[in-house]
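S.K.: Let me give you the structure first, and then I'll get to my questions.
The values are calculated or read from the model by the stated rules, or taken from the named source; none is laboratory data. It should be emphasised that the depicted structure is a prediction, and the values quoted were computed from it without experimental measurement. Glycine also receives a Cβ, built like all others from the backbone with ideal geometry; neighbour counts cover every protein chain displayed.
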Ligand SMILES: [Mg+2]
C-alpha cells in the first residue's frame, strides 16, 4: 500500500530540492510579453515621435542584441538606454501580473512538503519586487537566488557554479523547472539531469514542445489528481 503525503506527483518522490524559475514557469509570461512587445514599444513611440511599427522594430533589434545577457533582464539598463521610466510602466500594468494556471496550488503543496524550494530567476530585483507586491510569490521559497545578485545570467556557467557553492545541492536529488531552453541547456551542461521544460509559459499562446527536454504544459501537472 502506498501512502501519499500531500498531493505532489510521485515523479517528485526522490527529489529533495526543487529549483523553480519564475516568469513563464510560475507567473504568466503574458504580462512580460505584453510589456516588452506592446506597452513599452508604444511608450517609446510616443516619446520619440515614431509610429508603433517603427518603434517595435527598433526595440526588437536592440532586445535581440542582448538576449540572454544579464543586462537584457535589467530594468535599470533599459530605463537608461530607452530614456523611459520602465519601472513606472510596469507598475501601470501590474493588474496583468498573475500565476499560471495551478501554479499557486503547486507552490502550496511544495511549501507543505519536506523539500527545499528555491526560486532561481533572471528577474531583476525591481521586477521581482513588483511581482511580489501583486502575488506574494517570495513567501513560498526557502531561498531566493537572482542572477543579478549572483552576477551572471542562468544562461552562463558561472551562475550555476556560484549557486552550487551557496546551496551544495545534490544534482541527482534536484529538479530544475524552467521555460527557457537556453537556460535548461546551461543547467544540463553544469550537470543537472532532472530538468523539466514548461511548454506553455504564456497562457495566451499555444504550447511549444522541444524534443531535447521532458516537457510539462505547466507545473500544475506535478500535483496529483485526487
Ligand atoms: Mg522563465
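S.K.: Only one of (1) surrounded by 21 or more Cβ atoms within 10 Å (Cβ to Cβ); (2) within 25 Å of residue 108 (Cβ to Cβ) is not met by residue 173, so which one is it?
M.R.: Among (1) surrounded by 21 or more Cβ atoms within 10 Å (Cβ to Cβ); (2) within 25 Å of residue 108 (Cβ to Cβ), the lone unmet condition for residue 173 is (1).
S.K.: Same structure again: Could you list, in sequence order, the residues of region 184-204 that are in contact (Cβ under 8 Å) with a residue 60 or more places away in the chain and surrounded by fewer than 17 Cβ atoms within 10 Å (Cβ to Cβ)?
M.R.: Within region 184-204, 203, 204 qualify.
S.K.: Could you tell me whether residue 59 is on the phi < 0 side of the Ramachandran plot, buried (at least 17 other Cβ atoms within 10 Å of the Cβ) and touching a strand residue (DSSP E or B) at 6+ places or on another chain (Cβ under 6 Å)? So that I can check it myself, show each step before the final result.
M.R.: On the way: on the phi < 0 side of the Ramachandran plot: yes; buried (at least 17 other Cβ atoms within 10 Å of the Cβ): yes; touching a strand residue (DSSP E or B) at 6+ places or on another chain (Cβ under 6 Å): no.
It is false that residue 59 is on the phi < 0 side of the Ramachandran plot, buried (at least 17 other Cβ atoms within 10 Å of the Cβ) and touching a strand residue (DSSP E or B) at 6+ places or on another chain (Cβ under 6 Å).
S.K.: Got a sec? Which of 168, 182, 112 is over 17 Å from residue 219 (Cβ atoms) and away from the ligand (no atom under 16 Å from the Cβ)?
M.R.: Result of the check over 168, 182, 112: 168.
S.K.: Okay, next question. List the number of the failed condition for residue 153; all other conditions in (1) in a loop (DSSP other than H, G, I, E, B); (2) within 12 Å of the ligand (Cβ to nearest atom); (3) surrounded by fewer than 17 Cβ atoms within 10 Å (Cβ to Cβ) hold.
M.R.: In the conditions (1) in a loop (DSSP other than H, G, I, E, B); (2) within 12 Å of the ligand (Cβ to nearest atom); (3) surrounded by fewer than 17 Cβ atoms within 10 Å (Cβ to Cβ), residue 153 misses (3) alone.
S.K.: Kindly establish whether residue 146 is more than 15 Å from the ligand (Cβ to nearest atom) and either under 14 Å from residue 121 (Cβ atoms) or touching a residue at least 24 places away in the same chain (Cβ under 8 Å) (or both).
M.R.: No: the conditions fail for residue 146.
S.K.: For region 88-102, give me the residue count where each residue is touching a strand residue (DSSP E or B) at 6+ places or on another chain (Cβ under 9 Å) and either loosely packed, with under 14 Cβ neighbours inside 10 Å or over 17 Å from residue 127 (Cβ atoms) (or both).
M.R.: Of the residues in region 88-102, 1 are touching a strand residue (DSSP E or B) at 6+ places or on another chain (Cβ under 9 Å) and either loosely packed, with under 14 Cβ neighbours inside 10 Å or over 17 Å from residue 127 (Cβ atoms) (or both).
Quick grid of which residues meet (1) modelled with pLDDT under 95; (2) closer than 30 Å to residue 7 by Cβ:
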{"position": "39", "(1), (2)": "no, no"}
{"position": "71", "(1), (2)": "yes, no"}
{"position": "74", "(1), (2)": "yes, no"}
{"position": "96", "(1), (2)": "no, yes"}
{"position": "115", "(1), (2)": "no, yes"}
{"position": "141", "(1), (2)": "no, yes"}
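S.K.: Count, please, the residues in region 149-183 that happen to be within 19 Å of residue 14 (Cα to Cα) and without any contact (Cβ under 8 Å) to a residue 12 or more places away in the chain.
M.R.: Looking only at that region, the number is 1.
S.K.: On the given criteria, is residue 197 under 19 Å from residue 120 (Cβ atoms), in a helix (DSSP H, G or I) and in contact with a helix residue (DSSP H, G or I) (Cβ under 9 Å, 6 or more places away or on another chain)? Spell out how you get there, then give the answer.
M.R.: Details: under 19 Å from residue 120 (Cβ atoms): yes; in a helix (DSSP H, G or I): no; in contact with a helix residue (DSSP H, G or I) (Cβ under 9 Å, 6 or more places away or on another chain): yes.
No: the conditions fail for residue 197.
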